Amino acid sequence: MEQQQKQRTGPADLPWKNKVPRTEANMDQRTYRLYVNKTQSLVCVVGTELRVNLNKCAPIRSKFFSVKCTPAVRCQVVPATVAGGSLFSPQPLTRNSVLFISMDAASELPNESKLSVKFYGSKKEALGNAVLHLTAVEISLDVDADRDGVVEKNNPNKASWKWGPNGHGAIVLVNCDSESYYKKRVDTEKEEISKVSDLKDMSRMILRTKGPAQLPEGYKLSLHITQTDAESVRVFKNRNRGKPQASSTMKNMLLKLFMQDYPLVLNKEQLAAEVPYPGGSSELEFFVEGLRFPDKDFEGLVTISLSLLEPSAQDFPETPIFTDKVVFRVAPWIMTPNILKPVEVFVCSTSDNYEFLKGMRNLVQSSGYKLNICHEYMNRGDRWMQDEIEFGYIDSPHQRFPVVLDSPRDQKLKEFPYEVLLGPDFGYVTRYAQKEEVSSLDSFGNLEVSPPVTVNGKNYPLGRIIIGVAFPTTAHGRNMTKVIQDFLWAQKVQEPIALYSDWLLVGHVDEFMTFVPAPDRKGFRLLLASPDAAYKVFTNLQNNGHGKAKLFQGKEEEISVDEILSNEELQAENVYVQNCIDWNRDVLKKELGLDEDDIIDLPILFKVDTEEENRAVAYYPDMVNMIVLGTKLGIPKPFGPQVNSSCALEAEMRSLLEPLGLNCTFIDDFSSYHKLLGEVHCGSNVLREPFAFKWWNLEL
């Protein structure tokens with residue numbers, strides 16, 4: 001290659017003698033044809049190269065050629081000219097003689113540079129002359145390809161996307177919040193920018209140009225996108241009109257003027273738009289808006305292109321002679337695990353949950369967080385806040401905000417996420433399923449996420465999503481609907497794990513597992529419901545003379561420890577339940593890289609409902625179904641055996657969790673939640689701070 005470069009360097013007496021020799025790798029090439037005895041006007045983009053096959057352009061009988069050009073034009077011929085020869089004098093024309101033309105700097109005036117090629121039959125017999133008038137321009141469509149919040153000029157990696165800390169590629173957010181609290185619409189549902197605040201949710205894209213005040217006649221710039229990508233993003237332009245005049249004081253006039261300053265230029269109805277060439281050294285600003293999240297039919301990548309169009313003959317369309325491209329990845333929706341700091345706790349107020357609300361209010365206030373109560377006019381008696389929504393967020397170098405995922409369960413709380421949560425810098429997303437496809441497993445008590453883990457050397461710094469489905473060998477079991485599963489898998493950054501939860505009557509993973517923070521090991525513990533652990537507690541009580549101690553005191557028909565231990569049917573049911581949990585235990589250990597020391601078994605019994613296809617429910621309040629607020633835990637009060645005026649089950653929970661620095665608060669949810677087959681976690685939800693880790697730094 002070195003020898004080839006030496007051959008392509010022009011003779012020492014030519015004006016381009018100090019230029020870096022061209023190579024196939026350092027120039028974008030365009031094939032061009034010269035026409036003899038004709039003057040052609042051409043725009044050449046700095047950084048590109050024209051490739052002219054001289055033999056194909058030459059008149060019949062041509063055997064020689066010569067080239068002359070003004071100093072700003074760089075030209076070279078391959079194969080090289082005769083040793084010591086000059087392109088100014090006739091040179092042998094071969095079948096493979098190729099002239100390469102480029103310009104290193106933008107022109108100040110149109111057509112200010114010139115090049116001519118003369119063809120000869122013999123060294124003295126001129127057959128014709130082709131003349132080029134050249135205008136050089138710099139054109140760069142730019143984005144924040146290095147992800148530092150700044151739109152840098154002509155990043156070499158702007159047209160591709162790569163994961164990892166050393167990766168590259170621009171990011172765009174789905175503009176799924178609403179700039180208005182009142183006339184609510186997700187911003188993607190309107191095709192205009194009505195507030196300055198909406199701009200920060202979009203990604204900046206800048207067209208930078210340098211050249212003469214105007215392009216030669218007929219040349220145009222066109223911004224364009226494919227029909228497929230137009231389903232995922234749209235583009236607005238900043239006209240830089242400045243502020244409205246003081247006389248335009250009416251609100252509707254101001255809004256109209258503002259909207260005119262940011263016209264929509266690309267969407268699914270308009271795939272291409274001419275954009276002005278401003279002349280001189282200029283910048284034209286665009287704002288790119290994401291319209292949909294990655295999903296089964298959308299990888300998440302979109303390409304936007306800018307082309308320089310050259311005029312053709314009259315009545316024929318222009319043709320692109322240069323195209324610059326940029327690539328965006330739509331930011332994924334990210335869930336937040338229990339170990340992240342809470343921001344706000346959400347619960348419902350109903351006619352019968354006073355004790356629950358009292359306990360939650362005391363816990364949240366003592367933890368220093370905000371409590372948001374959804375009242376009956378909005379919840380209409382639907383108390384299952386965890387089942388209706390899942391909190392997450394989206395993030396980019398320039399903006400991030402929380403986004404609520406609305407479940408397809410669509411019961412009486414269905415208006416809450418849209419009507420209450422959606423607003424400025426609080427986004428909303430949902431997935432729709434056919435009504436007959438939706439089951440209890442589509443409620444979001446069946447959707448959890450682990451803390452960050454490393455598994456067999458693979459790092460999951462944002463944790464892994466956990467869902468519950470039917471057992472693999474079950475032919476007619478319930479599953480989370482496909483549209484939700486497809487959405488979760490498509491986000492990529494929290495690779496999901498499927499557990500077996502269909503053995504439960506309600507069918508949610510939060511009925512047998514949760515995570516709590518810990519100061520050692522992996523920074524957390526996995527808590528699992530364990531009938532075996534419960535039987536050990538009850539057996540120890542019996543062995544210590546407390547077999548007569550009663551459960552459910554003051555709540556319903558009391559039952560003693562002796563009666564529980566003598567109930568063979570209940571024991572058989574819990575052997576089955578323990579087997580189901582242990583199957584999930586092994587999956588979680590494998591998929592999260594856990595050891596036994598990372599797991600704590602909580603003493604919880606279940607009972608199987610034979611009238612509901614032998615599916616299980618918690619026998620007493622399910623203590624694993626807790627709310628985690630930093631080091632403070634809100635745990636369903638189990639109403640276990642009373643020994644020395646204290647609950648043996650509460651004492652066991654404290655002995656398991658307090659050594660980790662956790663504080664256990666037991667909340668009475670017996671009548672208002674447990675009897676309705678749910679617990680504290682089912683009836684609450686927590687908005688948490690995002691991860692400090694940036695998702696685009698993942699190694700995928």
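Here are a few things to note about the model shown:
- Meets criteria (under 23 Å from residue 120 (Cβ atoms), crowded, with 18+ Cβ neighbours inside 10 Å, small (Gly, Ala, Ser) and at pLDDT 90 or above) for residue 97: yes
- Residue match in the stretch 287-300 (condition: under 30 Å from residue 497 (Cβ atoms), out of contact with any Phe, Trp or Tyr (no Cβ under 9 Å at 6 or more places or on another chain), part of a strand (DSSP E or B) and at pLDDT 95 or above): yes
- Residue count for the stretch 358-377, restricted to those that are out of contact with any Cys (no Cβ under 9 Å at 6 or more places or on another chain) and assigned to a helix (DSSP H, G or I): 11
- Criterion applied to 177, 229, 198, 146 was being of a type in the set (Asp, Glu), out of contact with any Lys or Arg (no Cβ under 8 Å at 6 or more places or on another chain), modelled with pLDDT of 95 or more and in a helix (DSSP H, G or I), and the one residue passing it is 229.
- Of 555, 548, all but one fail to be in contact with a Phe, Trp or Tyr (Cβ under 7 Å, 6 or more places away or on another chain) and either acidic (Asp, Glu) or outside any strand (DSSP E or B) (or both); the exception is 555.
- Of all the residues in the stretch 109-165, those that are touching a residue at least 40 places away in the same chain (Cβ under 8 Å) and within 18 Å of residue 304 (Cβ to Cβ) number 15.
- In this structure, residue 590 does not satisfy being of a type in the set (D, E, K, R), buried (at least 17 other Cβ atoms within 10 Å of the Cβ), assigned by TED's automatic domain parsing to the domain that holds residue 385 and at pLDDT 95 or above.
- Sole exception among (1) of a type outside the set (Phe, Trp, Tyr); (2) in a loop (DSSP other than H, G, I, E, B); (3) closer than 19 Å to residue 646 by Cα for residue 521, by number: (3)
- In the stretch 148-181, the residues that are small (Gly, Ala, Ser) and buried (at least 23 other Cβ atoms within 10 Å of the Cβ): 169, 170, 178
- Residue match in the stretch 170-189 (condition: assigned by TED's automatic domain parsing to the domain that holds residue 320, closer than 24 Å to residue 696 by Cβ and in contact with a His (Cβ under 6 Å, 6 or more places away or on another chain)): no
- Contacts under 6 angstrom Cβ, first residue in the stretch 645-661 being assigned by TED's automatic domain parsing to the domain that holds residue 545 and under 18 Å from residue 599 (Cα atoms), partner in a helix (DSSP H, G or I) and at pLDDT 95 or above, 6 or more apart: 652/537
- Pairs, first in contact (Cβ under 8 Å) with a residue 60 or more places away in the chain in the stretch 491-509, second surrounded by fewer than 20 Cβ atoms within 10 Å (Cβ to Cβ) and part of a strand (DSSP E or B), C-beta under 7 Å, six or more apart: 503/615; 504/615; 505/609; 505/615; 505/617
- Boolean, residue 106 is more than 16 Å from the chain's Cα centre (by Cα), of a type in the set (Gly, Ala, Ser) and either buried (at least 16 other Cβ atoms within 10 Å of the Cβ) or in the same structural domain as residue 397 (by TED's automatic domain parsing) (or both): yes
- Selection from the stretch 623-649 of residues that are modelled with pLDDT of 95 or more and under 17 Å from residue 558 (Cβ atoms): 637, 638, 639, 640, 641, 647, 648, 649
- Selected residue (only one of 574, 584 is surrounded by 14 or more Cβ atoms within 10 Å (Cβ to Cβ), assigned by TED's automatic domain parsing to the domain that holds residue 608, in a helix (DSSP H, G or I) and under 30 Å from the mean Cα position of the chain (by Cα)): 584
- Note on the stretch 600-635: residues that are within 34 Å of the chain's Cα centre (by Cα), more than 15 Å from residue 529 (Cα to Cα) and not β-branched (Val, Ile, Thr) total 5.
- Considering the conditions (1) closer than 24 Å to residue 174 by Cα; (2) buried (at least 19 other Cβ atoms within 10 Å of the Cβ), residue 348 is excluded by exactly one of them, (1).
- Inter-residue pairs, beta-carbon under 6 Å, first free of Cβ contacts under 8 Å to residues at least 24 places away in the same chain and in the stretch 273-291, second among the β-branched types (Val, Ile, Thr) and surrounded by fewer than 19 Cβ atoms within 10 Å (Cβ to Cβ), 6+ apart: none
- Residue count, the stretch 558-571 (criterion: surrounded by 19 or more Cβ atoms within 10 Å (Cβ to Cβ) and outside any helix (DSSP H, G or I)): 0
- Top-ranked residue in the stretch 442-489 [being surrounded by fewer than 18 Cβ atoms within 10 Å (Cβ to Cβ) and of a type in the set (A, V, I, L, M); ranked as nearest to the chain's Cα centre (by Cα)]: 455
The values are calculated or read from the model by the stated rules, or taken from the named source; none is laboratory data. Nothing here was measured: the structure is a model prediction, and the numbers come from that model. Reconstructed Cβ throughout: ideal geometry from the backbone, glycine too, with neighbour counts over all protein chains shown.
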